[in-house]
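Some notes on the structure that comes next.
The values are calculated or read from the model by the stated rules, or taken from the named source; none is laboratory data. Because the structure is predicted, anything quoted here is derived from the model rather than measured. A quick note on method: Cβ atoms are made from the backbone with ideal geometry, for glycine too, and the neighbour counts reach across all protein chains shown.
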Amino acid sequence: MKKIYASMISIGAYAPEKRLTNSDLEKMVDTTDEWIVKRTGIKERRIAAANEATSDLAFKAAEIAIERSGLAKNDIDMVLVATLSGDFLFMPSTAAVLAGKLGLKDTPAFDVLAACSGFIYALATAKAYVESGMARNVLIVGAEVSSRFMDYSDRSVCILFGDGAGAAVISATDDPARAIVDVKIAADGSLWDFLTIEGGSKNPDGKRVMTMKGNETFKIAVRTLTNDVIEILARNNLDSNAITHFVPHQANLRIIQAVGDALKLAPEQVVLTVDKFGNTSAASIPMAINEIYESGRLKTGDLMLLDAFGGGLAWGSALVRFAGK
Ligand code: COA
């Protein structure tokens with residue numbers, strides 16, 4: 001029997017219109033544009049409209065990705081949504097709501113919860129389903145309206161996050177040249193209290209807002225991501241020169257630069273959207289891939305190195321050859 005490979009055949013994204021700039025935040029909390037730009041690289045982020053839920057953003061990104069894949073909606077045989085800010089608290093899943101919006105009535109759909117690393121976890125899941133023959137065309141989406149879970153009086157967190165969605169179609173192919181090369185995911189739950197949103201069974205009365213041990217997370221993120229990308233390159237016998245685009249999670253420009261420097265990447269290899277979207281959690285990687293796609297930088301066959309890190313703690317990296325047109 002011929003081996004089946006999983007392949008990323010399209011990308012799409014949606015960013016809500018409303019912009020929240022650093023000068024807007026200066027009026028809300030004790031901060032300055034200068035501090036935010038210097039410490040994070042963020043200039044503005046997008047905020048969903050009052051009538052937009054996470055599945056609405058996901059739907060817009062998904063429609064673009066499906067259209068660009070050349071498939072019909074009914075060809076999608078699995079829907080995965082990575083999010084930490086779903087439409088509902090736990091039930092129903094945002095993936096089920098999205099599948100309904102897409103008109104898919106008999107399709108497995110479930111959420112993947114791995115915070116900012118969710119898109120890479122969804123990619124790993126899609127790859128496994130496709131390669132095992134259990135699915136042929138998986139829609140994976142990273143979508144967040146994390147602004148609904150922000151404490152806009154906590155300057156150490158609220159300046160970082162924005163809303164948005166990105167989607168990709170992962171399809172079966174027998175051509176190894178189009179395949180996702182490798183995906184690597186990991187978690188260390190002993191550090192669960194580094195990033196939290198309370199209100200679940202552990203503390204149902206807890207405030208449903210994001211908390212973060214920023215400085216500690218920063219240090220572990222740099223160390224873990226650097227080791228992780230070095231490992232995934234090594235286990236695939238690749239040098240960082242082979243990477244056309246390094247597409248990291250867009251949490252903080254300084255984290256991205258530290259990992260980029262460790263890999264000795266040239267600036268043109270590093271994809272940055274953190275300045276205009278901030279940290280859109282699970283949406284940040286597909287939104288960044290979409291950015292280079294729409295600007296014409298991403299070509300068929302280009303090798304992308306993805307990496308992400310966030311609450312869990314959970315992290316992951318992937319080597320993906322773009323097989324879209
Ligand atoms: N404006 C002005 N000052 C601020 C501020 C803000 N928005 N937020 C925090 N500060 C202050 C702190 O109160 C502290 O003041 P002090 O020295 O008087 O106590 C000082 O700035 C330094 O705080 P610190 O938290 O050590 O800053 P930092 O350099 O670590 O930057 C983050 C803070 C949040 C930007 C950074 O830690 C970070 O990006 N963390 C990781 C994010 C991440 O990767 N998350 C995982 C994925 S979601």
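Structure data summary
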{"quantity": "Residue among LYS127, LYS101 that alone is among the basic types (Lys, Arg), surrounded by fewer than 23 Cβ atoms within 10 Å (Cβ to Cβ) and under 20 Å from PRO286 (Cβ atoms)", "calculated": "LYS101"}
{"quantity": "Per-region count, segment 248-298, residues closer than 19 Å to ARG223 by Cα and assigned to a loop (DSSP other than H, G, I, E, B)", "calculated": "7"}
{"quantity": "Test set (1) away from the ligand (no atom under 16 Å from the Cβ); (2) part of a helix (DSSP H, G or I); (3) touching a His at 6+ places or on another chain (Cβ under 6 Å) - ILE232 fails condition number", "calculated": "(3)"}
{"quantity": "Residue in segment 102-115 that is part of a helix (DSSP H, G or I), within 16 Å of the ligand (Cβ to nearest atom) and at pLDDT 95 or above present", "calculated": "yes"}
{"quantity": "Matching entry among ALA187, ALA115, ALA177 (being crowded, with 16+ Cβ neighbours inside 10 Å, touching a residue at least 40 places away in the same chain (Cβ under 8 Å) and on the phi < 0 side of the Ramachandran plot)", "calculated": "ALA187"}
{"quantity": "All positions within segment 129-162 that are β-branched (Val, Ile, Thr) and closer than 13 Å to LEU20 by Cα", "calculated": "ILE159"}
{"quantity": "Flag for ALA122 being at pLDDT 95 or above and either under 13 Å from the mean Cα position of the chain (by Cα) or assigned to a strand (DSSP E or B) (or both)", "calculated": "yes"}
{"quantity": "So VAL138, is it among the β-branched types (Val, Ile, Thr) and either in a strand (DSSP E or B) or within 16 Å of the ligand (Cβ to nearest atom) (or both)", "calculated": "yes"}
{"quantity": "Strands (runs of 3 or more DSSP E) lying entirely in segment 1-92 (those with 2 or more residues that are within 16 Å of the ligand (Cβ to nearest atom) and at pLDDT 95 or above)", "calculated": "18-21, 44-47"}
{"quantity": "Complete set of residues in segment 204-219 that are in contact with a strand residue (DSSP E or B) (Cβ under 8 Å, 6 or more places away or on another chain) and within 16 Å of the ligand (Cβ to nearest atom)", "calculated": "VAL209, MET210, THR211, MET212, LYS213, THR217"}
{"quantity": "Residue count for segment 237-270, restricted to those that are exposed (fewer than 13 other Cβ atoms within 10 Å of the Cβ) and polar (S, T, N, Q)", "calculated": "2"}
{"quantity": "Yes/no for ALA95 being in contact with a Pro (Cβ under 7 Å, 6 or more places away or on another chain) and farther than 28 Å from LYS213 by Cα", "calculated": "no"}
{"quantity": "Residues located in segment 167-188, provided they are assigned to a strand (DSSP E or B) and either within 16 Å of the ligand (Cβ to nearest atom) or hydrophobic (A, V, I, L, M, F, W, C) (or both)", "calculated": "ALA167, ALA168, VAL169, ILE170, ALA172, ILE180, VAL181, VAL183, ILE185, ALA186, ALA187"}
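Matching residues to (1) over 30 Å from GLY70 (Cα atoms); (2) among the β-branched types (Val, Ile, Thr); (3) in contact with a strand residue (DSSP E or B) (Cβ under 9 Å, 6 or more places away or on another chain):
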| residue | (1), (2), (3) |
| --- | --- |
| GLN257 | yes, no, yes |
| GLY260 | yes, no, yes |
| VAL270 | no, yes, yes |
| ASP275 | yes, no, yes |
| SER281 | no, no, yes |
| GLY296 | no, no, no |
| GLY301 | no, no, yes |
| PHE309 | yes, no, yes |
| LEU313 | yes, no, yes |
